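Notes for the one structure printed next.
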Amino acid sequence: MTARLHALLLAGALACAPSASAQTPPADGITALLDRLQTLLQDGNAGDLGSLLSPAFPADDLAPFSEYLFQPDTRRAIVAERDRAPLAGALPGDGYRLVTELYTETPLRARIVTALVDVRRPAGDAADSWRIVGAQAVTSIDGLFRLRVNASTQFTARNLTVTAEDLRVTLSDGSVFLIESEAGVTGLVLLGRGVMHFAPGPETERGQLRIFSGSDTLDTPFESAFVRLNPFEYEARVTTASLTPAAVNPRDLRRAQDVLARDGPKSFSLDLRDLSSDVWYLLPPSGDFLAEVRTRRYGTLTYLRSATQAEDITVFDRDDRHTIALYPSAQRRVGHGLSFNEDDRRDYDVLDYDIEANVSPDTAFIDGRVRMRIRMQSADVSSLTLRLADELAVRSIGSVEYGRLLYLRVRDQNNVIVNFPVALRRGAELTLLVTYAGRVTPQDISDEGVQEGESRPNEPLLTIPPEPNLLLSSRTFWYPQNPVTDYATGTLRIILPEGYGCAASGQLRADDDVTLRDLLTLTEGRSFVFSARDPVRYFAVVVSKFARVADRTIEVAPDRNNPTASRTLRIAVEANPRQQRLGRGLVDTLDAMMRFYADLAGDVPYGSMTMALVEDELPGGHSPAYMAVLNNQMPTSRLTWRGDPAAFSGFPEFFAAHELAHQWWGQAVGWRNYHEQWLSEGFAQYFAALYAQHARGERTFVDMLRQFRRWAIAESDQGPIALGSRLGHIRDERRVFRALVYNKGAAVLHMLRRLVGDEHFFNGMRRFYREQKFRKAGTDDLRAVFEAESGRPLDRFFDRWIYGVDIPRLRYTATVAPGRVGVRFTQIGDQLFDVPVTVTVVYADGRAEDSVVSVTEQRVDWTLPTRAPVRRVLVNRDFAAVAVFERY
């Protein structure tokens with residue numbers, strides 16, 4: 001059993017799904033041969049195995065093959081044929097290569113062997129005289145254990161403790177039952193009065209715990225707990241001296257068995273479906289630990305330690321799907337801090353996709369076929385994991401190099417494990433072919449828009465429903481993909497019923513650009529083909545009753561140093577029927593935005609951009625590569641959203657501006673992990689603000705800065721920007737995420753610009769974009785670029801603003817004297833911040849002069865010579881500094 005499979009089993013069960021061909025193999029002589037093999041395995045009759053073998057079976061392979069298959073004390077066996085294909089060298093119908101799964105179980109253990117079995121029918125023999133001419137074990141899942149509560153021994157516990165890093169589970173008074181396997185004690189059930197104590201090490205996680213429980217440590221009573229651990233760590237983690245044997249109480253025993261039945265299958269377990277109706281378990285690897293604690297106040301809380309994860313300590317509410325804490329253990333923090341790159345744990349890289357999906361919008365049904373060209377990143381890998389939505393049933397998985405492949409379906413984790421007949425070397429390239437079908441839950445982008453507000457008083461309910469649309473994107477897992485997002489090129493072929501249209505990741509192929517494949521695979525409906533020649537992080541498609549209302553090709557010259565080096569950019573608008581008039585008027589705005597952003601970044605990442613206008617009760621947006629989806633609020637909607645961080649009344653083009661900016665930030669430049677998501681959202685928000693300044697003037701820009709500052713100050717105690725998508729997660733408050741990752745992130749970039757100066761900032765921003773294009777970036781990459789451009793250290797700036805939660809407090813006093821103005825700033829508190837502050841000197845004649853003062857020390861004195869009478873001195877009138885100011 002690989003560490004990869006253990007990792008998948010930590011928080012969910014595995015389901016063995018047969019990778020059968022489209023039709024079940026017929027009941028024939030081959031079936032009878034396999035039935036006889038199954039009987040021999042179940043009876044432990046290795047001596048008669050030879051009766052199933054052909055004389056051509058290699059004699060040297062017989063003993064190893066027999067020893068591998070037959071296990072002592074086997075009480076049940078299943079031989080399941082999963083696929084058959086003609087055997088090379090055999091006459092048609094006289095030889096096959098079978099893909100089989102051989103399952104054997106003893107009273108305490110089980111094993112699954114995937115084997116290739118070659119069978120032939122000798123010429124002239126009866127139809128049922130098939131014999132095995134060769135066999136090869138491909139993969140196996142060993143170490144499957146049957147867990148049981150020890151019903152013969154019950155322990156009385158007094159102050160029993162079970163420990164893991166930052167966790168202590170104490171049973172003050174109660175009973176304990178041991179959960180045993182053939183390898184030893186691998187778990188406990190605790191019943192009685194106890195306390196769960198959790199004290200995370202990192203300050204950020206203590207802050208999240210305060211949001212959850214009101215304290216930076218959690219001490220909560222519990223009535224029962226279920227624990228899984230490695231048998232060799234039982235003595236180290238459990239104070240066994242606190243256990244006293246006692247007579248078994250039948251009622252307590254039933255409770256313990258119920259706990260195992262309820263909580264056991266959730267982790268380290270397999271559901272073997274057609275092979276066994278029992279639940280089989282794996283042993284936690286050394287260092288791994290699980291505790292399911294049923295508390296009185298918070299329901300069931302789960303603590304998980306998993307060595308295979310970069311952030312290897314997790315505490316979560318499994319029922320509500322809320323992550324309370326997630327961080328690397330102390331040992332990992334010593335070596336790597338809180339930073340990690342999710343690509344370091346990637347087994348393979350997807351180079352190119354060919355996705356064909358027949359989509360039924362009314363039922364959200366997909367019939368898909370995908371070709372994936374991949375390159376292995378890890379060495380000696382005999383299985384790999386695909387991400388695919390649980391609702392989608394896999395019909396077959398194969399590869400050009402190895403033919404049909406077996407796979408296991410990971411339940412409730414949207415994962416499929418694909419097994420290979422050989423270990424794949426690092427750098428090897430292969431092509432996977434996957435067919436699948438099913439109804440999928442479409443992606444809802446409402447949580448990417450504004451916070452749902454309250455209904456407006458005295459207004460009717462929504463009387464005209466929005467035009468339906470089906471969005472398949474990054475969170476629907478609608479096609480098989482790498483569990484770790486990576487950049488790939490690809491082609492999408494979307495087949496829809498008449499009357500529907502779509503926008504997707506890629507440039508739409510012209511109607512007259514028909515290939516031979518199109519002619520050979522014509523189906524009913526309309527076919528849309530999109531080509532993504534530039535790499536994308538993920539593929540997406542939105543389907544609705546669209547009409548293309550605008551289509552324009554423009555030339556952009558993003559390189560200021562070489563204005564003749566232009567790039568062709570195609571922009572288009574797809575719109576629902578009621579949005580078509582708006583769409584026709586929007587194309588000029590899209591044109592202006594794309595030109596403006598190309599000039600800012602010095603590049604256009606993709607050769608086309610399609611805006612899809614759809615309807616909803618609330619505004620919002622979503623921006624995969626090559627496209628953006630824009631929710632337009634229905635005029636009859638009763639919901640108001642004015643109190644949201646993303647509601648800018650003076651900038652109605654905000655959502656379009658923000659989503660288009662994601663083509664550069666979030667798509668062309670990705671992020672290493674969720675902690676770095678601010679690089680996407682913060683830059684997109686700041687680009688939108690710069691466009692507002694360009695298109696609508698300084699007042700609109702200052703209004704946005706005011707809103708950035710207000711929300712940043714109001715919500716900063718909810719966590720640092722670097723907490724990313726977890727911000728607001730515990731209380732389901734998505735506005736916290738937008739307040740900090742969007743607004744505070746943009747405000748931090750503006751402060752960085754004012755700290756290093758415009759020239760260094762925009763040169764650094766373009767350099768960062770060039771270096772990280774079609775890659776995943778981190779905050780340290782951004783810092784390194786700006787340090788190189790500006791020649792000044794910026795570690796404190798990023799530590800305070802990205803990884804901290806505090807807001808600086810600045811006390812200031814202004815003095816006006818003949819010929820000069822002076823301002824003294826004093827930072828209050830133990831931490832020093834780098835805060836660029838605008839000081840405005842207003843003269844008696846009404847003129848105003850702005851200066852930026854970099855407050856980087858405990859006390860900063862600033863003086864400005866004046867040539868006219870001064871009326872007053874203002875501080876931070878442009879709201880550019882995220883700080884609290886006090887005048888004294």
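The values are calculated or read from the model by the stated rules, or taken from the named source; none is laboratory data. Because the structure is predicted, anything quoted here is derived from the model rather than measured. With ideal geometry, Cβ positions are generated from the backbone for all residues, glycine too; neighbour counts draw on all protein chains shown. In case anyone asks, the SASA skips ligands and DNA or RNA and just uses the protein heavy atoms, side chains included. Shrake-Rupley method; radii C 1.70, N 1.55, O 1.52, S 1.80 Å.
The table for this structure:
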{"item": "Magnitude of the charge dipole, the stretch 183-252, Cβ model with Lys/Arg +1 and Asp/Glu -1, debye to 20", "result": "160"}
{"item": "Positive-end extreme of charge dipole, the chain - chosen from 691, 778, 529 (charges on Cβ)", "result": "691"}
{"item": "Distance between the stretch 817-842 and the stretch 355-404 - C-alpha centres, whole angstrom", "result": "60"}
{"item": "Listed residue (270, 221, 190) projecting farthest to the positive dipole end of the stretch 177-297, Cβ model", "result": "221"}
{"item": "Accessible area (Å², per residue) of the stretch 644-695, counting only protein heavy atoms and a probe of 1.4 Å", "result": "18"}
{"item": "Degrees, to the nearest 10: 580-601 long Cα axis against longest axis of the chain", "result": "80"}
{"item": "Rounded accessible area per residue of the stretch 77-123, 1.4 Å, Å²", "result": "36"}
{"item": "Stretchable slack from residue 444 to residue 90, in nm (0.36 nm times residue separation minus alpha-carbon distance)", "result": "122.1 nm"}
{"item": "Carbon and sulfur %, accessible surface of the chain computed with the full protein complex present, 1.4 Å", "result": "47"}
{"item": "Point-to-point label distance, residue 261-residue 831, nm (Cα→Cβ direction, 7 Å offset)", "result": "5.1"}
{"item": "Counting all C-alpha pairs of the chain, share separated by more than 52 Å (%)", "result": "27"}
{"item": "Charge dipole (debye, nearest 20) of the stretch 660-815; +1 at Cβ of Lys and Arg, -1 at Cβ of Asp and Glu", "result": "240"}
{"item": "Rounded tilt (10° steps) of 745-756 against the dominant C-alpha axis of the chain", "result": "50"}
{"item": "In nm, spacing of pseudo-spin labels at residue 239 and residue 582 (7 Å Cα→C-beta vector)", "result": "6.4"}
{"item": "Dimensions (Å) - the stretch 281-343, Cα atoms, principal axes, largest first", "result": "38, 26, 21"}
{"item": "Segment residue 297-residue 344, length gained on full extension (0.36 nm per residue, minus Cα span)", "result": "13.1 nm"}
{"item": "Per-pair calculated FRET efficiency, R0 = 51 Å: residue 592 and residue 867 via Cβ, rounded to 0.05", "result": "0.80"}
{"item": "Calculated from backbone phi, Karplus (6.51, -1.76, 1.60) coupling profile of the stretch 870-884 in Hz, x at Gly/Pro", "result": "9, 8, 6, 10, 10, 10, 6, 6, 8, 6, 7, 9, 7, 7, 9"}
{"item": "Helix axis angle, 29-43 relative to the chain longest principal axis, alpha carbon, degrees", "result": "90"}
{"item": "Using θ = phi - 60° and Karplus 6.51 cos²θ - 1.76 cosθ + 1.60, couplings along the stretch 615-630 (whole Hz; Gly, Pro as x)", "result": "10, 7, 6, 10, x, x, x, 8, 9, x, 5, 6, 8, 8, 10, 10"}
{"item": "Whichever lysines have a C-alpha closer than 28 Å to that of residue 776, once near sequence neighbours (fewer than 8 apart) are set aside", "result": "744"}
{"item": "Whole-angstrom gap from the stretch 216-273 to the stretch 847-888, using each part's C-alpha centre", "result": "63"}
{"item": "Charge-dipole axis of the chain as Lys and Arg at +1 and Asp and Glu at -1 on Cβ define it, positive-most pick from 137, 544, 621", "result": "621"}
{"item": "Sites residue 762 and residue 813, calculated FRET efficiency, Cβ-Cβ separation with R0 25 Å, nearest 0.05", "result": "0.15"}
{"item": "Pairwise Cα inverse-distance average, inverted: Kirkwood Rh of the stretch 64-105 (Å)", "result": "12.2"}
{"item": "Cβ-placed point charges (K, R +1; D, E -1), dipole of the chain about Cα centre in debye, nearest 20", "result": "2080"}
{"item": "Virtual paramagnetic centre 7 Å along Cα→Cβ of residue 43, amide N under 11 Å, in the stretch 69-89", "result": "none"}
{"item": "Descending Cα extents along the principal axes, the stretch 553-680, whole Å", "result": "51, 38, 24"}
{"item": "FRET E, pair residue 137, residue 380, Förster distance 25 Å, beta-carbon r, rounded to 0.05", "result": "0.90"}
{"item": "Largest to smallest principal axis extent of the C-alpha atoms in the stretch 26-159, angstrom", "result": "75, 27, 26"}
{"item": "Ordering of 856-869, 541-554 by burial proxy (mean other Cβ atoms within 10 Å per residue, highest first)", "result": "541-554, 856-869"}
{"item": "Computed [θ] at 222 nm, deg cm²/dmol, the chain (DSSP H ≥ 4; -39,500 (n - 2.57); rounded to nearest 500)", "result": "-6500 deg cm²/dmol"}
{"item": "Trypsin sites (Lys or Arg not before Pro) restricted to DSSP loop in the stretch 59-117 with at most 12 other C-beta within 10 Å", "result": "75"}
{"item": "Simple label model, 7 Å out from Cα along Cβ direction - residue 510 to residue 363, nm", "result": "3.7"}
